[in-house]
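Notes follow once the structure below has been shown.
The values are calculated or read from the model by the stated rules, or taken from the named source; none is laboratory data. Bear in mind the structure is a predicted one, so any value in this text is a computation, not a measurement. Reconstructed Cβ throughout: ideal geometry from the backbone, glycine too, with neighbour counts over all protein chains shown.
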Amino acid sequence: MTLRCAIVGSGNIGTDLMIKMLRSDKLQLTALVGIDPDSDGLARAKALGVDAPHQGPDWVIDHANDFDMVFDATSAYVHVRYHKKYEEAGMTAVDLTPAARGPKVIAAVNLTEHLDAPNINMVTCGGQATTPMAYAIRRAVDRLPYCEMVSTVASKSAGPGTRQNIDEFTKTTSTALREIGGADTSKAIIILNPADPPIIMRNTVFGALPEGTDHDAVLESIYDMEKSVSSYVPGYRLKNQLVVEEGPYNTPGGLVPHRVVVLLEVEGAGDYLPTFAGNLDIMTAAAMRVGEAIADHREGDAA
Amino acid sequence: MSAKAADYRLIDSTLRDGSHAISHQFYAEDVIRIVEGLDNAGVKVIEIAHGDGLGGSSFNYGFSAVPEKELIAKACETAQQAQIACLMLPGIGLADDLREVRELGITVARIAVHCTEADITEQHIKVAKELGMEAIGFLMLAHMNSPEGLVEQALLLQSYGADTVYIADSAGAMTVEDVRRRVNALVGALEVPLGVHAHNNLSMAVANSIAAYEEGAKNLDGTSAGLGAGAGNCPTEILAAVSTKCGIETGVDPLALMDVAEDVVRPIMPRQQVIDRAGLLLGYAGVYGSFLLHAERAAERYGVPQSEILLELGRRKVVGGQEDMIIDVALELARKHADQEITG
């Protein structure tokens with residue numbers, strides 16, 4: 001089944017998603033909707049033969065009959081105002097902002113859990129990169145008392161939506177580490193680095209390992225997860241060997257003797273911004289996985 | 001100099017920046033004694049938080065021994081005349097943290113950000129203002145931006161409602177001339193007052209602070225006995241003594257500040273703040289001062305020289321908050337050393 005799709009938001013994420021969606025045989029992109037007629041994203045859309053209105057989310061509501069799905073790449077603030085309208089208009093919304101109105105989906109962990117939900121939240125780029133590792137640690141231990149992630153992205157790859165919603169980024173990411181990753185307590189940190197040439201997106205996951213943990217099982221589970229994520233984000237990789245460091249560490253989830261340190265790099269595919277912007281890539285690749293899974297699911301229902 | 005006392009404001013950050021030097025292991029009795037001492041000496045603003053700001057307690061920056069909000073409550077209860085300030089970095093702390101500490105009695109919020117990323121502070125500065133706090137925009141690692149670039153960033157902070165703008169020499173990397181040029185440009189462009197936060201990695205902290213004041217930065221930061229990240233901060237008691245000798249009306253008592261440094265702070269310092277090789281390298285290579293102790297631990301753990309870690313962090317243009325990269329660099333260096341042994 002081919003689903004008719006609109007992308008709202010012609011910034012970095014929306015434009016990158018457009019380029020990926022044009023390659024899909026399950027998701028048919030018919031409009032990239034922005035608010036600035038002079039934006040680079042809308043110009044790209046026109047050049048690629050995609051309808052590029054600049055009347056914002058209201059345009060999508062007005063043309064709801066033309067779309068099965070809307071991918072929202074605006075900002076948490078905008079999504080909070082529109083998510084009900086999308087639902088009422090009968091469109092499934094895939095939310096690429098940290099608004100977190102619908103159930104959260106991390107492509108490598110719970111892709112197929114919410115395929116019938118009217119609104120699916122893609123958490124954050126850092127969440128897509130690190131929640132799989134929290135989950136990988138958790139499935140190898142009895143208990144993950146605390147998990148922490150640090151995401152560093154190049155300043156050039158963080159658009160105004162991210163910058164104005166930085167608390168939403170950390171809160172939503174932190175919640176995903178618990179709800180989907182399985183940690184009892186969590187923290188998320190984001191850093192913007194302006195170095196030129198821009199740095200490739202980096203993510204570090206620290207997992208608290210309680211007494212009696214089988215460290216080898218934890219490491220093996222993490223290596224397996226690296227393979228799962230890199231199957232749809234080819235630039236996703238462990239930058240260094242995994243290390244278990246000795247504490248003790250007085251974490252919010254209690255005192256633990258060790259921590260595992262997972263040093264990740266996410267190199268982008270270079271679809272819109274250059275390859276340093278792995279943060280765009282992991283988000284848009286995950287959203288594509290969700291969109292295509294929904295298309296497959298509906299085809300299954302129809303058949 | 002014809003400065004009046006009202007011009008000069010000293011903000012003491014012993015209980016925030018000093019927290020780095022003791023790996024965030026402050027206890028309630030330390031807080032009470034330091035606040036009492038500074039308050040008696042006439043310090044008008046005392047800053048307290050985890051070294052990396054509200055919410056900084058973490059694997060990445062080190063866990064606080066005592067939850068910072070308990071310590072903040074103690075500081076607010078103890079102070080008689082001083083205002084109690086906090087610091088937060090968007091991306092690490094939350095606007096919700098500001099709401100909580102406002103309830104505890106914090107009246108000054110410093111919103112700190114890398115010196116090129118001011119636009120991530122808008123929501124936090126606005127929340128601080130809505131809560132009725134003084135909002136100070138705080139541009140870190142200011143040596144990494146030009147005077148013109150800093151002006152652009154400072155104007156953003158001012159436009160969000162910042163009551164005061166600070167530049168922080170977080171790597172202790174600036175010379176007197178570096179400070180003068182930046183302060184001069186900022187004072188000329190801003191309507192709000194300016195402040196300078198100096199570190200002593202190049203032994204320039206006091207001289208830079210005095211130069212900043214002469215150029216028009218009326219807010220200066222210090223920590224008692226220089227307790228702080230890297231080779232330490234501008235020592236409050238020395239700054240007060242030198243300012244007084246320069247004829248500046250400071251409103252603080254240098255002798256009382258010397259007593260706090262000697263009798264209260266030095267006894268709890270795990271080591272005195274000296275400019276050893278690692279500290280000097282931070283200033284020389286322009287590396288965030290808080291990396292010092294983390295790099296020392298990683299060097300020990302992975303058997304690589306601390307100085308190599310710091311220099312590589314400088315080459316990578318790592319910014320404040322990227323402490324995880326210390327492990328990354330140490331592992332890479334360890335691998336490189338192992339390869340060399342095999343091939344050599």
Report task. Pick out, from the stretch B:14-131, the strands (runs of 3 or more DSSP E) lying fully within it that include 1 or more residues that are modelled with pLDDT of 95 or more and over 30 Å from B:E262 (Cα atoms). Result -> B:108-114
Report summary line: Out of (1) surrounded by fewer than 20 Cβ atoms within 10 Å (Cβ to Cβ); (2) assigned to a strand (DSSP E or B), the one A:L263 does not meet is (1)
Query raised in the report: Taking the stated definitions as given, is A:V244 in a helix (DSSP H, G or I), aliphatic (A, V, I, L, M) and touching a Leu at 6+ places or on another chain (Cβ under 8 Å)?
Result: no
Requested in this report: Would you be able to say whether some residue in the stretch A:239-248 is closer than 28 Å to B:Q123 by Cβ and modelled with pLDDT of 95 or more?
Outcome: no
**Report entry** Complete set of residues in the stretch A:1-47 that are surrounded by fewer than 20 Cβ atoms within 10 Å (Cβ to Cβ), in a helix (DSSP H, G or I) and among the small types (G, A, S)
**Finding:** A:A43, A:A47
**Report entry** A:A286 within 24 Å of A:M133 (Cβ to Cβ), small (G, A, S) and assigned by TED's automatic domain parsing to the domain that holds A:G11
**Finding:** yes
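One line per residue, one yes/no per condition, for (1) part of a loop (DSSP other than H, G, I, E, B); (2) over 23 Å from B:G222 (Cβ atoms); (3) not assigned by TED's automatic domain parsing to the domain that holds B:A225:
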{"position": "B:G247", "(1), (2), (3)": "yes, no, no"}
{"position": "B:L257", "(1), (2), (3)": "no, no, no"}
{"position": "B:A261", "(1), (2), (3)": "no, no, no"}
{"position": "B:L280", "(1), (2), (3)": "no, no, yes"}
{"position": "B:G283", "(1), (2), (3)": "no, no, yes"}
{"position": "B:E296", "(1), (2), (3)": "no, yes, yes"}
{"position": "B:M325", "(1), (2), (3)": "no, yes, yes"}
Query raised in the report: What are the residue pairs meeting all of these: first residue in the stretch B:59-70, first residue facing chain A (nearest Cβ under 9 Å), second residue modelled with pLDDT under 95, Cβ atoms under 8 Å, and 6 or more apart or on different chains?
Result: B:Y61/B:S290
**Report entry** Where A:T2 falls short, out of the listed (1) more than 20 Å from the chain's Cα centre (by Cα); (2) free of Cβ contacts under 8 Å to residues at least 60 places away in the same chain
**Finding:** (2)
Report summary line: Checked against (1) touching a helix residue (DSSP H, G or I) at 6+ places or on another chain (Cβ under 7 Å); (2) aliphatic (A, V, I, L, M); (3) under 29 Å from B:L87 (Cα atoms); (4) surrounded by fewer than 22 Cβ atoms within 10 Å (Cβ to Cβ), B:A278 satisfies every condition except (4)
Query raised in the report: When the stretch A:81-122 is examined, which residues are found to be within 16 Å of A:E179 (Cα to Cα), of a type in the set (V, I, T) and at pLDDT below 95?
Result: A:T112
Requested in this report: Output the number of residues of the stretch B:288-344 satisfying the condition of being within 10 Å of chain A (Cβ to nearest Cβ) and under 17 Å from A:T204 (Cα atoms).
Outcome: 16
Query raised in the report: Does at least one position in the stretch A:278-301 carry a residue that is within 11 Å of chain B (Cβ to nearest Cβ), in contact with a helix residue (DSSP H, G or I) (Cβ under 7 Å, 6 or more places away or on another chain) and not in a strand (DSSP E or B)?
Result: no
Query raised in the report: Checking B:V242 against (1) within 12 Å of chain A (Cβ to nearest Cβ); (2) assigned to a helix (DSSP H, G or I); (3) among the β-branched types (V, I, T), which test does it fail?
Result: (1)
Report summary line: Subset of the stretch B:230-239, residues in a helix (DSSP H, G or I) and aliphatic (A, V, I, L, M), comes to B:I238, B:L239
Report summary line: Subset of the stretch B:321-344, residues of a type outside the set (D, E, K, R), farther than 15 Å from A:N240 by Cβ and modelled with pLDDT under 95, comes to B:Q340, B:I342, B:T343, B:G344
Query raised in the report: In the stretch A:247-260, which residues are farther than 25 Å from B:A330 by Cα and part of a strand (DSSP E or B)?
Result: A:G254, A:L255
Report task. Could you check B:Y288 against (1) part of a loop (DSSP other than H, G, I, E, B); (2) at pLDDT 95 or above and say which number it fails? Result -> (2)
Query raised in the report: Inside the stretch B:142-172, can you point out the residues that are assigned to a loop (DSSP other than H, G, I, E, B) and surrounded by 24 or more Cβ atoms within 10 Å (Cβ to Cβ)?
Result: B:A162, B:D169, B:S170, B:A171, B:G172
Requested in this report: Go through the stretch B:88-126 residue by residue and tally those that are farther than 22 Å from A:P194 by Cα and away from every other protein chain (no Cβ under 14 Å).
Outcome: 9
Query raised in the report: Has the stretch A:242-250 got at least one residue that is crowded, with 20+ Cβ neighbours inside 10 Å, in contact with a Ser or Thr (Cβ under 7 Å, 6 or more places away or on another chain) and not basic (K, R)?
Result: no
Report summary line: With criteria (1) more than 15 Å from A:A286 (Cβ to Cβ); (2) of a type in the set (F, W, Y); (3) buried (at least 24 other Cβ atoms within 10 Å of the Cβ), A:F71 comes up short on (1)
Query - Selection status of B:L139, among the hydrophobic types (A, V, I, L, M, F, W, C), under 19 Å from the mean Cα position of the chain (by Cα), under 22 Å from B:I46 (Cα atoms) and not in a helix (DSSP H, G or I) - result: yes
